[in-house]
Amino acid sequence: MLFKINPVSRTLERIRSDWVPRELELERYLITQADGNVPVMSESVFGEPLLLVSNQVRTAAKKRADILALDRSGNGVVIELKRNAVRLGVETQALQYLADFSSYRGKHFLRRFSGASGITEETVRGFLGASASIDDINSRSRVLLVARSFDESIFSLGEWLSSKGIGFRCISYLPVQLGEARLLSFSVAFDRTPESIYQLTFTSMAREPGIFWHNIARVEQAWWDFLVSKRQIPACFDNAPGDQGEKILTKYLQGDTIVAYARGYGALGWGIVDQPNTYRLIPAGDKDDRLDGECRHRVTISWKATAKKLSEALPAEEIRRDFGIYHPISTSVSISSADGRSLLSRLTERFSDA
């Protein structure tokens with residue numbers, strides 16, 4: 001609930017609103033665009049990267065599921081949006097969709113569902129990175145519900161599904177209208193997603209250092225010059241403590257290798273996170289706040305080879321052709337170690353005289 005403070009009585013007064021978005025309107029708010037205008041779900045709302053495969057998907061029974069997406073591990077995610085409260089019955093509808101969609105795997109899954117959104121196999125490879133192969137797509141599936149509120153019976157079902165290895169998450173939303181302004185607040189009401197599915201929730205001790213694409217966000221020469229000179233990589237999102245930008249940067253370990261990527265140009269260089277716990281949120285107005293409040297999440301990096309100019313970047317097409325590495329769709333995407341080492345050698349050679 002959302003309250004305002006009555007300054008006279010010094011009490012809390014609940015804010016009530018007659019505005020409630022329709023399901024299709026809510027759907028539009030939750031779908032955004034990633035690199036190259038690729039449709040993705042809002043990472044700030046869902047707390048993880050989700051690639052939109054299709055929306056308003058027809059099932060074998062001629063019904064329509066709201067959204068079908070892929071997570072970073074290649075698992076199918078059935079997302080159902082409800083304008084009001086969710087009670088017993090709605091979740092079984094989502095499970096029917098899950099049962100229908102789960103029979104499709106790998107390229108068969110993409111052929112069946114990707115027509116509406118127009119995503120390609122190349123796009124999916126760029127989204128998954130080294131986390132999963134095309135053949136592994138939809139080998140596991142899960143359900144995600146978005147609604148105003150949830151009946152307790154929904155959570156009981158979620159506990160049972162979790163015991164069977166099926167991830168189940170509920171996100172509640174609160175619509176508020178203050179004058180002409182319309183606001184939406186989202187919060188996780190229930191989450192039983194197995195660790196085997198939700199890989200990014202592992203602690204830093206759960207993996208060895210790896211190689212990652214990292215999108216520098218703003219494609220400007222002055223911004224790239226700044227990042228190199230300050231030995232930093234950025235993340236944006238809400239520029240607030242605990243948001244997705246902080247989560248992405250704090251997942252990096254000491255020893256991780258970062259390949260900087262600029263949309264429309266390609267790989268700009270690489271470096272290593274050579275110190276632990278260097279994450280910080282730059283205060284607004286600080287001398288390092290170079291984008292007027294945007295992209296203030298930062299981690300320190302030791303650059304090893306970098307381009308002086310954006311135009312010197314190793315093009316994404318060449319990287320895909322020579323190394324089989326697809327350009328990233330979101331802020332951070334893993335790269336396989338073997339292919340990544342070959343790419344690092346090429347970047348070092350290319351920028352040795354830069």
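The values are calculated or read from the model by the stated rules, or taken from the named source; none is laboratory data. The structure displayed is predicted, hence computed values, not measured ones. Glycine also receives a Cβ, built like all others from the backbone with ideal geometry; neighbour counts cover every protein chain displayed.
Some observations on this one:
Residue by residue, here is whether (1) outside the structural domain of Asp35 (by TED's automatic domain parsing); (2) buried (at least 19 other Cβ atoms within 10 Å of the Cβ); (3) within 24 Å of Ser44 (Cα to Cα); (4) not aromatic (Phe, Trp, Tyr) holds:
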position: Glu294; (1), (2), (3), (4): yes, no, yes, yes
position: Ala313; (1), (2), (3), (4): yes, yes, no, yes
position: Ala316; (1), (2), (3), (4): yes, yes, no, yes
position: Ile319; (1), (2), (3), (4): yes, yes, no, yes
position: Ser342; (1), (2), (3), (4): yes, no, no, yes
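- Sole residue being polar (S, T, N, Q) and either in a helix (DSSP H, G or I) or farther than 26 Å from Leu343 by Cα (or both), chosen from Ser330, Ser311: Ser311
- Answer residue from the stretch 61-94, given it is over 24 Å from Pro39 (Cα atoms) and hydrophobic (A, V, I, L, M, F, W, C) and is surrounded by the fewest Cβ atoms within 10 Å (Cβ to Cβ) among those: Ala61
A quick yes/no check of all residues on (1) closer than 26 Å to Ser342 by Cα; (2) modelled with pLDDT of 95 or more; (3) assigned by TED's automatic domain parsing to the domain that holds Glu317:
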site: Gln244; (1), (2), (3): no, no, yes
site: Ile258; (1), (2), (3): yes, yes, yes
site: Gly269; (1), (2), (3): yes, yes, yes
site: Asp274; (1), (2), (3): yes, no, yes
site: Tyr279; (1), (2), (3): no, yes, yes
site: Pro283; (1), (2), (3): no, yes, yes
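- Which listed residue is acidic (Asp, Glu) and within 18 Å of Phe186 (Cβ to Cβ), from Asp71, Asp18, Asp35, Asp100: Asp71
Results for (1) modelled with pLDDT of 90 or more; (2) at positive phi; (3) surrounded by 21 or more Cβ atoms within 10 Å (Cβ to Cβ), shown as yes or no for each residue.
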position: Ser103; (1), (2), (3): no, no, no
position: Val124; (1), (2), (3): yes, no, yes
position: Asn138; (1), (2), (3): yes, yes, yes
position: Val143; (1), (2), (3): yes, no, yes
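- Members of the stretch 71-99 that are of a type in the set (Val, Ile, Thr) and at pLDDT below 90: Val86, Val90, Thr92
- The stretch 245-279 - residue that is in a loop (DSSP other than H, G, I, E, B) and among the hydrophobic types (A, V, I, L, M, F, W, C) and, of those, nearest to the chain's Cα centre (by Cα): Leu253
- Search result, residues across the stretch 135-170 that are in contact (Cβ under 8 Å) with a residue 40 or more places away in the chain and under 20 Å from Gly106 (Cα atoms): Asp136, Ile137, Asn138, Ser139, Arg140, Ser141, Arg142, Val143, Ile166, Gly167
- Residues in the stretch 278-317 that are among the polar types (S, T, N, Q), over 15 Å from Arg231 (Cβ atoms) and without any contact (Cβ under 8 Å) to a residue 24 or more places away in the chain: there are none.
- For the stretch 145-168, a residue qualifies if it is closer than 11 Å to Ala85 by Cβ, surrounded by 18 or more Cβ atoms within 10 Å (Cβ to Cβ) and either touching a Ser or Thr at 6+ places or on another chain (Cβ under 7 Å) or not assigned by TED's automatic domain parsing to the domain that holds Ala94 (or both), and the qualifying residues are Ala147, Phe150.
- Residue within the stretch 188-208 that is at pLDDT below 95, touching a Phe, Trp or Tyr at 6+ places or on another chain (Cβ under 7 Å), closer than 30 Å to Asp288 by Cα and not charged (D, E, K, R) present: no
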